[in-house]
Amino acid sequence: MSDPQGPIEPGFPTTRLRRLRYHPATRRLVRRTRLSAEQLILPLFVRPGRGLRREISSMPGNFQLSPDRLAEEVGQAAELGLGGVILFGIPEKKDATGSDALSSSGIIAQALEAAKAAAADLLVVTDLCFCEYTDHGQCGVPSDATGRTDVDNDATLPLLAEQAVVHARAGADMIAPSGMMDGMVGAIRRGLDEAGFTHLPIMSYSAKYASSFYGPFREAAESAPQWGDRRSYQMDPTAAAEQALREVELDLAEGADIVMVKPALAYLDIIRLVHDRWPGVPLAAYNVSGEFSMVKAAAARGWLDEKSVVLESLTAICRAGADIIITYWAKDVARWLA
């Protein structure tokens, strides 16, 4: 066995490794992968109304919030030193075109006003997609009159640009397009620049897989597809890893400032590949709803220790190369680390 720290010596590796781990202070001193609250972004779900705090049954401890109750969560996130929050809107009424997503008085505009009033300096990211706003649950405009064939990628692009400008004018600090439409980053960048928001960064869901781990989120955002699925525009989990790199490369060429891999735990290899290919590009990973709910369910039955498993899992995501982690445990982890 080779020794990366020098020539092989008698007793290596057992003696040296034992010396480095025998004392908690020594383990902390040589630790290379470090989690911090400022790396974490908390997802929040907001819907119209007042005083609403509806627990999401498949995601214990997470809620659909009215803007006034959202403000409380945002205030807590700021106090805990989180890196930010990401907002998902659930409109009062959904329709085929997701019209609330383009409204300057829609639910995300209301949420942004409440969030900024609660914590003006906290980073507020907005998820940019149509699946939460359409009655069919797809991420874009249907491609035919019946709405039962596919999503029209090119017809969706100008609507995403319009949605981004609505969010920017309402006070978003960062735009996070999640629909995996081809060309979406370029369309959004042009729309923001033309509207005077050249300073606003884009965090793109660049390698987003058509994953089975999204089930609880679809309850939370009330966005389950009513026809078909999303496999024609999200990545196939069985695809070659090089396809993910190509998706990231295209987003960077179109102007993405931060790229993302989603889900996180089942795609640690992709996180590592993206990190190694573009080491200077900020990389986010989404620790998704299914990953959250599995641990919650097992912990509720006493099968594992939630805190230990969560910290180990997030450390693995960080070690794989993620700089930013979107996670439903963000507040808990901040408290544990403190």
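In the set Ile188, Ile270, only one residue is within 17 Å of the chain's Cα centre (by Cα), modelled with pLDDT of 95 or more and part of a helix (DSSP H, G or I); that residue is Ile270. Is the range 124-145 home to any residue that is crowded, with 19+ Cβ neighbours inside 10 Å, out of contact with any His (no Cβ under 9 Å at 6 or more places or on another chain) and either assigned to a helix (DSSP H, G or I) or modelled with pLDDT of 95 or more (or both)? Yes, some residue in the range 124-145 is crowded, with 19+ Cβ neighbours inside 10 Å, out of contact with any His (no Cβ under 9 Å at 6 or more places or on another chain) and either assigned to a helix (DSSP H, G or I) or modelled with pLDDT of 95 or more (or both).
The single condition among (1) touching a Cys at 6+ places or on another chain (Cβ under 7 Å); (2) part of a strand (DSSP E or B) that Phe45 does not satisfy is (1).
Rundown of residues vs (1) buried (at least 22 other Cβ atoms within 10 Å of the Cβ); (2) free of Cβ contacts under 8 Å to residues at least 60 places away in the same chain; (3) on the phi > 0 side of the Ramachandran plot, yes/no style:
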site	(1), (2), (3)
Thr238	no, yes, no
Ala241	no, yes, no
Val248	yes, yes, no
Ile271	yes, yes, no
Val295	no, yes, no
Lys307	no, yes, no
Thr315	no, no, no
Gly321	no, yes, yes
Ala330	yes, no, no
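Whether any residue in the range 64-82 is touching a Phe, Trp or Tyr at 6+ places or on another chain (Cβ under 6 Å), more than 19 Å from Ala172 (Cβ to Cβ), at pLDDT 85 or above and not small (Gly, Ala, Ser) is what I want to check. Yes - at least one qualifying residue is present in the range 64-82.
For the range 277-296, enumerate the residues that are closer than 14 Å to Gly215 by Cα and out of contact with any strand residue (DSSP E or B) (no Cβ under 6 Å at 6 or more places or on another chain). Step through it out loud before you land on a result.
Start the filter on the range 277-296 by keeping residues that are closer than 14 Å to Gly215 by Cα, which leaves 287-294.
Correct list: Val288, Ser289, Gly290, Glu291, Phe292, Ser293, Met294.
Taken over the range 284-328, residues that are out of contact with any Gly (no Cβ under 8 Å at 6 or more places or on another chain), outside any helix (DSSP H, G or I) and under 15 Å from Glu38 (Cβ atoms) amount to 6.
Answer yes or no as to whether Phe63 is without any contact (Cβ under 8 Å) to a residue 40 or more places away in the chain, closer than 25 Å to Gly290 by Cα and in contact with a Leu (Cβ under 9 Å, 6 or more places away or on another chain). Steps first, please.
Values: without any contact (Cβ under 8 Å) to a residue 40 or more places away in the chain: yes; closer than 25 Å to Gly290 by Cα: yes; in contact with a Leu (Cβ under 9 Å, 6 or more places away or on another chain): yes.
When the stated conditions are applied, Phe63 passes them.
State all residues of the range 77-102 that are over 19 Å from the mean Cα position of the chain (by Cα), touching a residue at least 12 places away in the same chain (Cβ under 8 Å), assigned to a helix (DSSP H, G or I) and surrounded by fewer than 22 Cβ atoms within 10 Å (Cβ to Cβ); if no residue qualifies, say none. Answer for the range 77-102, where residues must be over 19 Å from the mean Cα position of the chain (by Cα), touching a residue at least 12 places away in the same chain (Cβ under 8 Å), assigned to a helix (DSSP H, G or I) and surrounded by fewer than 22 Cβ atoms within 10 Å (Cβ to Cβ): Ser99, Leu102.
Inside the range 55-78, can you point out the residues that are in contact with a helix residue (DSSP H, G or I) (Cβ under 7 Å, 6 or more places away or on another chain) and among the charged types (D, E, K, R)? Once the filter is applied, which keeps residues that are in contact with a helix residue (DSSP H, G or I) (Cβ under 7 Å, 6 or more places away or on another chain) and among the charged types (D, E, K, R), the range 55-78 yields only Asp68.
The values are calculated or read from the model by the stated rules, or taken from the named source; none is laboratory data. These numbers come from a predicted model, not from an experiment. Heads up, the Cβs are rebuilt from the backbone with ideal geometry, glycines too, and the neighbour counts pull from every protein chain shown.
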